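Peer 1: The structure follows.
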Amino acid sequence: MISIDKENQITDDIMDKIVKGEIGTGEKLPSENELADKYRVPRMTVRHALLKLEERGYIYSKQGKGRYVKEAAIPIQLSLTGKISFTEKMNQLGFELKTSNIYCEKIDYDAEVYRILGTARGEAVFKIGRLRVINGEPIAIHNSYVSESSFPKIEEEGPAIQSMFSYYRKQGFKEFSSRQTMLSITFPTSKEQRLLSCKSMVPLIKVESDCIDAESKQILEHTKILYRSDKFKYDITMD
């Protein structure tokens, strides 16, 4: 019989050792049998505890070889002011960034998004999604909500967009700002798990903000970005 208390104790104990660096990056964990002997529990209790750590993104399995501590998180600097694009920021920092447009789709009526964009209910709003990959690792899904009334060709041109800032500049906008930025935590859907190559219990950092034309104060888009928290750590800046 599996003891939930023992399972949680093992999970917390190993997680604490990883966080403190007592078990190093890339280090192999003791086998299930060794941990079962150490904690004096059935092997199945240990297995469940280790599966929790995998779901949380602390360890990974190599078939036939055992479980290992994941590599150290990559530090990423994020700016929350909306004055510079993600693409520009990553290029400035020297990261190998790849972006792919994963969808451009008309959304169902969303009262909050429509209110932010100042769009009437009968008008179309499109969601343009881009997957960001840094050094070969998926880091984020960027979703931009754009009104067709502001950009009449967005349905046609949206599937080719990789950088919204570049797109806006082609439309004659030059400088950008943002209003209040909201941060929260969510968990990935099955589709987001596939895109981000992460487990269901890995928390995602959700950043919501707007992109505004600095000169006219027109709201160009509402943005929702999902960042992985297991392989990246973030230095939040206001530049």
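The values are calculated or read from the model by the stated rules, or taken from the named source; none is laboratory data. Predicted model only: the values in this text are computed from it and were never measured. Don't worry about glycine lacking a Cβ; one is built from the backbone with ideal geometry, like all the others, and counts go over all protein chains shown. For accessibility, only protein heavy atoms count, side chains too; no ligands or nucleic acids. Shrake-Rupley method; radii C 1.70, N 1.55, O 1.52, S 1.80 Å.
Peer 1: Using the C-alpha gyration tensor of the range 1-65, what are the square roots of 5 times its eigenvalues, in whole angstrom, with the largest one first?
Peer 2: 18, 13, 11
Peer 1: Give, rounded to the nearest 20 debye, the magnitude of the charge dipole that the range 81-129 has about its Cα centre when Lys and Arg contribute +1 at Cβ and Asp and Glu contribute -1 at Cβ.
Peer 2: Dipole about the Cα centre, nearest 20: 120 debye.
Peer 1: Considering only DSSP beta bridges where both residues belong to the chain, give the percentage that are antiparallel (nearest 5).
Peer 2: For the chain, the DSSP antiparallel bridge percentage is about 90.
Peer 1: Could you size up the charge dipole of the chain around its Cα centre, putting +1 on the beta carbon of Lys and Arg and -1 on that of Asp and Glu, and report it in debye to the nearest 20?
Peer 2: Dipole of the chain, to the nearest 20 debye: 540 debye.
Peer 1: In Å³ and rounded to a whole number, note down the convex hull volume per residue for the Cα atoms of the range 45-184.
Peer 2: On the way: hull volume 23.7 nm³, N = 140.
Enclosed volume per residue, from the Cα hull, is 169 Å³.
Peer 1: Ile236's amide H: which non-local residues (gap 5+, or another chain) put their own amide H closer than 5 Å, with H modeled 1.01 Å from N in plane and none for Pro or chain starts?
Peer 2: Amide H to amide H, under 5 Å and 5 or more residues apart or across chains, Ile236 pairs with Leu78.
Peer 1: Ignoring everything except DSSP H segments at least 4 long, calculate the 222 nm mean residue ellipticity for the chain; use -39,500 (n - 2.57) per segment, divide by total residues, nearest 500.
Peer 2: Calculated at 222 nm, the ellipticity per residue is -8000 deg cm²/dmol.
Peer 1: Computed over the Cα atoms of the chain, what is the convex hull's projected area averaged over all directions, in nm²?
Peer 2: 15.5
Peer 1: What is the Cα centroid distance between the range 166-210 and the range 26-47, reported in whole angstrom?
Peer 2: 38
Peer 1: Specify which residue in the list Phe151, Ser200, Tyr167 is farthest towards the positive end of the charge dipole of the chain, using unit charges on the beta carbon of Lys, Arg (+1) and Asp, Glu (-1), about the Cα centre.
Peer 2: Value computed over the given set: Ser200.
Peer 1: With the full set of protein chains in place, find how many percent of the accessible area of the chain is carbon and sulfur; take the probe as 1.4 Å.
Peer 2: Whole-percent figure for carbon plus sulfur exposure: 49.
Peer 1: With a 1.4 Å probe and all protein chains left in place, how much accessible area per residue does the chain have, in Å²?
Peer 2: With all protein chains present, the chain gives 54 Å² per residue.
Peer 1: In addition: In debye, nearest 20, what is the charge dipole magnitude of the range 148-226 about its Cα centre with +1 on Lys and Arg Cβ and -1 on Asp and Glu Cβ, if you could check?
Peer 2: Working: 11 positive and 11 negative charges, 73 e Å.
With only Lys, Arg, Asp and Glu charged at Cβ, the dipole is about 360 debye.
Peer 1: Now, a different point. Enumerate lysine pairs in the range 140-239 that are 8 or more residues apart or on different chains, then count those whose Cα atoms are under 14 Å apart.
Peer 2: Lysine pairs, 8 or more places apart or on different chains, close enough: 6.
Peer 1: Please work out how much accessible surface Phe187 shows to a 1.4 Å probe, ignoring ligands, DNA and RNA, in Å² rounded to 10.
Peer 2: 100
Peer 1: Compute the long axis of helix 43-55 from its Cα atoms, compare it with the longest principal axis of the Cα atoms of the chain, and write down the angle in degrees, 0 to 90, nearest 10.
Peer 2: On a 0 to 90 degree scale, this one is about 20.
Peer 1: Next question, about the same structure. Once amide H atoms are placed 1.01 Å from N in the peptide plane, what residues at a sequence separation of 5 or more from Phe187, or on another chain, have their amide H within under 5 Å of its amide H?
Peer 2: Leu204
Peer 1: Using only Cα atoms, what Kirkwood radius does the range 109-233 have, in angstroms? Present the calculation step by step, with values, prior to reporting the outcome.
Peer 2: Numbers: mean 1/r = 0.0646 Å⁻¹.
About 15.5 Å for the range 109-233.
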